[in-house]
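Engineer: For reference, the structure I am asking about is given below.
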Amino acid sequence: IVLTVTDSFGMESEPYVFELKKTKTPTPSLQFVPSTLTVFSDQEVNIRAEAAFSACPAPQSDLIFSWKQKSGPPIPARYLDSGNPRLYVPVNVLEPGSEFELICSVSMMGQAATESIFILRTTVRPLLAKISGAPEKDVSASVGFTLSAEESCDPNSKDTSDLAGLLFKWSCDM
């Protein structure tokens, strides 16, 4: 490290050289891409952690990443145990309408780990009410007709086989 001092008249001191020897490797800080994320449960999650170092020149050995969950509904461990900076969770794994605190840590061989928290949120899609057929139907007052709401659904439900859990209320305005 070199230090020089300059006064208001522009007079400069002789350079003072100070030799500094680092005995440890630099500790990285963590940044996330994206910095936060909100998804629907039917969307995949793809987060990347990046290690950032100071501008000082120093050797950077192999980085070791790990992910763990701090809070929120449980995420299966197989998605957290990747051992790399990328966290991938496929569609329909995360509970809709939830917040997850995830901890990513990075360390270099023989050094203490640096941890940072990532906030992941899942939001809820609205229920979908749909009557099969055209949006309008001309019918005679003397002839019966049938309407079906079978295409209605809860897009957040993992049970797509039927209309489980949905209640229908029909009304007619003339």
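The values are calculated or read from the model by the stated rules, or taken from the named source; none is laboratory data. Keep in mind that this is a model prediction, so the values were computed, not measured. No Cβ is skipped: glycine too gets one built from the backbone with ideal geometry, and neighbour counts run over all protein chains shown. For the accessible areas, the whole protein counts, side chains as well, though only heavy atoms, and no ligand, DNA or RNA atoms are used. Shrake-Rupley method; radii C 1.70, N 1.55, O 1.52, S 1.80 Å.
Engineer: Taking segment 104-126, which residues are at pLDDT 95 or above, open to solvent by 50 Å² or more (accessible area, probe 1.4 Å) and not β-branched (V, I, T)?
Structural biologist: R121
Engineer: Which number in (1) part of a loop (DSSP other than H, G, I, E, B); (2) open to solvent by less than 70 Å² (accessible area, probe 1.4 Å) marks the one condition that F145 misses?
Structural biologist: The one condition F145 does not meet is (2).
Engineer: Hey, another quick one. Can you tell me which residues in segment 127-142 are among the basic types (K, R) and either surrounded by 11 or more Cβ atoms within 10 Å (Cβ to Cβ) or closer than 24 Å to Q43 by Cα (or both)?
Structural biologist: K130
Engineer: Could you check segment 26-64 and list, in sequence order, the residues that are in a loop (DSSP other than H, G, I, E, B), open to solvent by less than 60 Å² (accessible area, probe 1.4 Å) and either at pLDDT 95 or above or under 24 Å from G110 (Cα atoms) (or both)?
Structural biologist: If the condition is that a residue be in a loop (DSSP other than H, G, I, E, B), open to solvent by less than 60 Å² (accessible area, probe 1.4 Å) and either at pLDDT 95 or above or under 24 Å from G110 (Cα atoms) (or both), then P26, P28, P34, F53, A58, S61 are the ones that fit.
Engineer: Let me ask something else. What residue, among those in segment 71-103 that are β-branched (V, I, T) and over 12 Å from the mean Cα position of the chain (by Cα), is least open to solvent (accessible area, probe 1.4 Å)?
Structural biologist: Once the filter is applied, the top-ranked residue is I75.
Engineer: Let me ask you something else. Filter segment 148-166 down to residues that are touching a Lys or Arg at 6+ places or on another chain (Cβ under 7 Å) and in contact (Cβ under 8 Å) with a residue 60 or more places away in the chain and give me whichever is most open to solvent (accessible area, probe 1.4 Å).
Structural biologist: The extreme case among them is P155.
Engineer: Going by the structure shown, is D138 of a type in the set (D, E), over 23 Å from P96 (Cα atoms) and free of Cβ contacts under 8 Å to residues at least 60 places away in the same chain?
Structural biologist: So D138 fits the description; yes.
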